[in-house]
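Below is one structure; the comments refer to it alone.
The values are calculated or read from the model by the stated rules, or taken from the named source; none is laboratory data. All of these numbers come straight from a predicted model, not from anything done at the bench. Note that we place each Cβ from the backbone using ideal geometry, even for glycine, and neighbour counts take in every protein chain shown. Keep in mind that these areas ignore ligands, DNA and RNA; they rest on the heavy atoms of the full protein, side chains included. Shrake-Rupley method; radii C 1.70, N 1.55, O 1.52, S 1.80 Å.
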Amino acid sequence: MKQQSPPSTSTAANPLGSAPVGSLLAKFAVPAIISMLVNALYNIVDQIFIGQGVGMLGNAATNIAFPVTTISTAAALLLGIGGASNYNLEMGAGNEHKASEIAGSALSTLVITGVSIAAVILIFLRPLLIFFGATDTVMPYATDYVSIIAIGLPFFTLSVGGNHLIRADRSPTYSMTCTLTGAVINTILDPLFIFGFKWGIKGGAWATVIGQIVSAFLVLLYFTKFRKMYLDRKMLKPQIHHLKAITSLGMASCINQIAIAAVQIVMNNILRYYGSISVYGSDIPIACVGIVSKVNMVFLAICIGIAQGAQPIWGFNYGARKFDRVRQTYKYSATACTIIAVIFFLCFQFFPHQIVGMFGGGSDLYFKFAENYLRIFMLLTFANGIQPMSAGFFTSIGKAGLGIIMSLTRQVIFLLPLVVIFPKFMGIDGVMYAGPIADAAAFVLAVVFARRELSQMKNE
């Protein structure tokens, strides 16, 4: 690790506290959005090529594997967003040395956590896949896919979490380059391995892992060669008091991902049960819901990317008590998320067949279920951008409790109970109608809490 002298830049001279909010948000949000989209595309590109090369059971297998990736993302965001949020708050308050110590603790713990998750997945692979909802016909495909994906989890965790720290260090373009490079490699290798080498679903998994390794290498390269922050080797030793602060502010994003994984696991098992007593069978619903989840990831990636781009601006200015800039950044972010949400809502309602068809063919029954599910489950997409963006907002200003509440609203507080209750009365269609009701409730709660917080800032 190269030695640097502590930076002497004053808080007042930091562009986060003085540059126009609109241009700042664009500078940080665009690379963050691209990075989030790239992470989403890792799964989507695999699913498209696997759907075309392996078929419906391949799509179902990637859906069964989805909780593995989501849990790893949860750990990466716990440490990455938590570390980045604390770093920016401390920098805004002028505590530059403490900020660097926090970044060092977060970076080293990302590596330890990724290795630990991979080991657990490989040791308990088959029981976990059964728990995630794998049917007997899907199990061989899921085993092949997840056993390889697990190898890349340490690199994936470091890449996702490390890129938040890179953005916090005011290098959003480099962060984007890390994830974009890995995604391009994955996209090139997917058809080569699946179709050229005829490796099938294993080829899709290896393409993903190789892309993740390259992304992680670029993250490490940044912190050894290009970083702006002061960081020495001693700072890389995890410190408990820093990790407490990191996990406090990263918990909201972590819980949101854990909630997504929990809902996916419950939903897979419900689809397996109620699908088996419907005209669709178990495999069609599991495959279709996996596709819709991946498509929704693209929409959420943009909204979360906007929040991540705003995070350094919110955190620094809140720490510096420049509340007018915090409020202005929230307004711009909310407007951008709403515009994106409306565009995706129109796509989901008017082009469901084309969207599902990207992921391979299927029977008429397959497309019937997939199109109905996409239209009904995503009916309130136009209001869905505010909730994840508000969760990021509260985390960035140090309100960890509110951030956690915002993260829990849609997935755990509303959607999870509805997914369990509605099918008892409506059969498998009950899963579809649980979505828009949960979305409406989460939207209302996010607006109420955000308006209250912004009003308090205005008074101060």
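Okay, residues lined up against (1) of a type in the set (A, V, I, L, M, F, W, C); (2) open to solvent by less than 10 Å² (accessible area, probe 1.4 Å); (3) out of contact with any Gly (no Cβ under 6 Å at 6 or more places or on another chain):
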position	(1), (2), (3)
ALA60	yes, yes, yes
THR73	no, no, yes
ASN86	no, no, yes
ASN95	no, no, yes
ALA99	yes, yes, yes
LEU107	yes, no, yes
LEU110	yes, yes, no
VAL115	yes, no, yes
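Note down all Cβ pairs under 9 Å where the first residue falls in segment 95-123 and is in contact (Cβ under 8 Å) with a residue 60 or more places away in the chain, the second is in a helix (DSSP H, G or I) and among the basic types (Lys, Arg), and they're at least six residues apart or on different chains.
Note: pairs meeting the criteria are GLU101/LYS234; GLY104/ARG233; GLY104/LYS234.
From the residues in segment 124-157 that are of a type in the set (Ser, Thr, Tyr) and touching a residue at least 24 places away in the same chain (Cβ under 8 Å), which one is farthest from CYS254 (Cα to Cα)?
Of everything passing the filter in segment 124-157, THR137 is farthest from CYS254 (Cα to Cα).
Just the residues that are hydrophobic (A, V, I, L, M, F, W, C), farther than 14 Å from VAL209 by Cα and surrounded by fewer than 20 Cβ atoms within 10 Å (Cβ to Cβ), please, taken from segment 129-163.
The answer is ILE130, PHE131, MET139.
Kindly provide the set of residues from segment 379-404 that are of a type outside the set (S, T, N, Q), within 18 Å of the chain's Cα centre (by Cα) and modelled with pLDDT of 85 or more, ordered by number.
Those that are of a type outside the set (S, T, N, Q), within 18 Å of the chain's Cα centre (by Cα) and modelled with pLDDT of 85 or more: GLY385, ILE386, PRO388, MET389, ALA391, GLY392, PHE393, PHE394.
Restricting attention to segment 126-158, which residues are out of contact with any helix residue (DSSP H, G or I) (no Cβ under 6 Å at 6 or more places or on another chain) and not polar (S, T, N, Q)?
ARG126, PRO127, LEU128, ILE130, PHE131, ASP136, MET139, PRO140, listed by residue number.
Exactly one condition in (1) at pLDDT below 85; (2) within 22 Å of HIS241 (Cβ to Cβ) is not met by SER85; state its number.
(1)
For segment 252-259, does any single residue satisfy the condition of being among the hydroxyl-bearing types (Ser, Thr, Tyr) and at pLDDT below 90?
Checking segment 252-259: at least one residue is among the hydroxyl-bearing types (Ser, Thr, Tyr) and at pLDDT below 90.
For every residue, the table says whether it meets (1) crowded, with 23+ Cβ neighbours inside 10 Å; (2) within 18 Å of SER407 (Cβ to Cβ).
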position	(1), (2)
VAL266	no, yes
TYR280	no, no
VAL289	yes, no
ASN296	no, yes
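In segment 399-428, what residues are free of Cβ contacts under 8 Å to residues at least 40 places away in the same chain and closer than 12 Å to PHE377 by Cβ?
If the condition is that a residue be free of Cβ contacts under 8 Å to residues at least 40 places away in the same chain and closer than 12 Å to PHE377 by Cβ, then LEU418, PHE422 are the ones that fit.
Between VAL342, VAL326, which is surrounded by fewer than 22 Cβ atoms within 10 Å (Cβ to Cβ), out of contact with any Asp or Glu (no Cβ under 8 Å at 6 or more places or on another chain) and not polar (S, T, N, Q)?
None of the other options fit; the residue is VAL342.
If we only count helices (runs of 4 or more DSSP H) wholly inside segment 115-206, which ones have 1 or more residues that are in contact with a Cys (Cβ under 7 Å, 6 or more places away or on another chain) and within 30 Å of GLY92 (Cβ to Cβ)?
In segment 115-206, the matching helices (runs of 4 or more DSSP H) lie at 153-168.
Failed condition for PHE367, given (1) under 24 Å from the mean Cα position of the chain (by Cα); (2) in contact (Cβ under 8 Å) with a residue 12 or more places away in the chain; (3) open to solvent by less than 60 Å² (accessible area, probe 1.4 Å), with all others met?
(1)
Identify all residues within segment 164-191 that are among the aliphatic types (A, V, I, L, M) and either open to solvent by less than 20 Å² (accessible area, probe 1.4 Å) or touching a Phe, Trp or Tyr at 6+ places or on another chain (Cβ under 9 Å) (or both); write none if there are none.
LEU165, ILE166, ALA168, ALA183, LEU189
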